[in-house]
1. Which pairs have Cβ atoms under 6 Å, sit 6 or more apart or on different chains, and link a residue in segment 54-76 that is among the basic types (K, R) to one that is not in a loop (DSSP other than H, G, I, E, B)?
2. Considering each residue of segment 33-78, count those that are closer than 25 Å to K20 by Cα, in a strand (DSSP E or B) and not polar (S, T, N, Q), and give that number.
3. Could you tell me which residue of segment 38-67 is modelled with the highest pLDDT, considering only residues that are more than 15 Å from V78 (Cβ to Cβ) and within 10 Å of the chain's Cα centre (by Cα)?
Amino acid sequence: MTASSSSNGPLVEVEKGEEKPTGIKLLVLGDSGVGKTSLTQRFVHDTVPGGHSPTIAYDIDFKTHTILDLRTVKFTIVDTAGLERYPYNK
């Protein structure tokens, strides 16, 4: 067990590896050509794509990240096309 503190309260004991990952879903919206794909690729793969083609409809990526060796967070990131013709942008 490890003890951790947060700004919201006292020390809390957390058993390493016991908790299920917290799921967070991110939907990236914006106008066409503003860098949504570059932002998501930087976050997920730690690279910035050069000269990539525009996203058609959407692209889904996943990343699991451990915060302070205590909490595992699983991100589901939906990178959307910046076109109005797709219904999820309305």
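The values are calculated or read from the model by the stated rules, or taken from the named source; none is laboratory data. None of the values given here were measured: they were computed from a predicted structure. Glycine gets a Cβ as well: all are built from the backbone with ideal geometry, and neighbour counts include every protein chain shown.
1. That search, which allows pairs on different chains as well, returns K63/V44; K63/F75; K74/G23; K74/T64.
2. Qualifying residue count, segment 33-78: 12.
3. Across segment 38-67, the extreme among qualifying residues is T64.
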